[in-house]
Amino acid sequence: MKNRAPFGKVGWAFILFVFLLAGCSSSTPPVTYYTLNTMPDMQQEHLGAVAADSIAIGLGPVEFPKSLERPQIVTRKSQNRIEVSEFHRWASSLKGDFSRVLAKNISVLLPASRVAVYPWSDQFSPTYRVILDVEQFDGLLGEHVLLNVTWSVVDQTGANELVVKNSMIKKAISDKGYEALVAAESQALGTLSQAIVDEIRRLR
């Protein structure tokens, strides 16, 4: 019978490498997912609001910078530097979440209105359309978030701009974590919703 070749240093080194690799993979932190939300205090404030005239509002298109069109949450390290987190992500697309919450906020602030997000069906005919171009929507962890967006209200045909505004909304972050960052972004979106509704009320 032939003698088996000794396992040798190379074999033991390979086994050690496999164990180290397994240990590293098991220590990888889990991914946490987040969503923007309508602010509870906004709903409470407007529960007793008098219903506005019945109008239809078409929301969109909404344009986002390419740097934010990703599943990972983006934070700002400095004016010229951003950081993309692999372990803190949006549960759905940020643009879709932004549109969904903005539409919900507007429907709360204008109780009798009908709000649809672009693209809407042929059966929906908006009284006004709100078009948004988001230039910045991020923040510094533990400090503040900044929403910089140019938006316009156009008539039913989409040919005439009735209002053109730029909103620069800054909200303080209550904690150093990502959950506080997302909560502050929801607050900024609530402030934008109120500004849009104020203009629509003025037009009415």
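Quick notes
- Residue check, Gly190 surrounded by 21 or more Cβ atoms within 10 Å (Cβ to Cβ), modelled with pLDDT of 95 or more and more than 26 Å from Ser113 (Cβ to Cβ): no
- Just so you know, in region 32-52 the residues that are in a loop (DSSP other than H, G, I, E, B) and at pLDDT 65 or above include one that is surrounded by the fewest Cβ atoms within 10 Å (Cβ to Cβ), and it is Thr35.
- Here is the figure for region 88-97: residues that are surrounded by fewer than 20 Cβ atoms within 10 Å (Cβ to Cβ) and assigned to a helix (DSSP H, G or I) total 2.
- Among the residues listed as Ser174, Ser125, Ser121, the single one being among the small types (Gly, Ala, Ser) and in contact with a helix residue (DSSP H, G or I) (Cβ under 8 Å, 6 or more places away or on another chain): Ser174
Conditions tested, residue by residue: (1) buried (at least 20 other Cβ atoms within 10 Å of the Cβ); (2) among the polar types (S, T, N, Q); (3) modelled with pLDDT under 95.
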| position | (1), (2), (3) |
| --- | --- |
| Ser78 | no, yes, yes |
| Val101 | yes, no, no |
| Val117 | no, no, no |
| Gly139 | yes, no, no |
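- Filter result for the condition that a residue is within 28 Å of Arg202 (Cα to Cα) and under 14 Å from the mean Cα position of the chain (by Cα), over Ser121, Ser99, Ser113, Ser93: Ser99
- Residues of region 97-123 that are acidic (Asp, Glu) and over 25 Å from Leu68 (Cα atoms): Asp122 alone.
- Members of region 177-204 that are without any contact (Cβ under 8 Å) to a residue 60 or more places away in the chain and either among the basic types (Lys, Arg) or in a loop (DSSP other than H, G, I, E, B) (or both): Gly177, Arg202
- In region 156-180, the residue that is farthest from the chain's Cα centre (by Cα) out of those that are among the hydroxyl-bearing types (Ser, Thr, Tyr) and surrounded by 14 or more Cβ atoms within 10 Å (Cβ to Cβ) is Ser167.
The values are calculated or read from the model by the stated rules, or taken from the named source; none is laboratory data. Just so we're clear, the structure is a prediction, and the values are computed from it rather than from any experiment. Note that we place each Cβ from the backbone using ideal geometry, even for glycine, and neighbour counts take in every protein chain shown.
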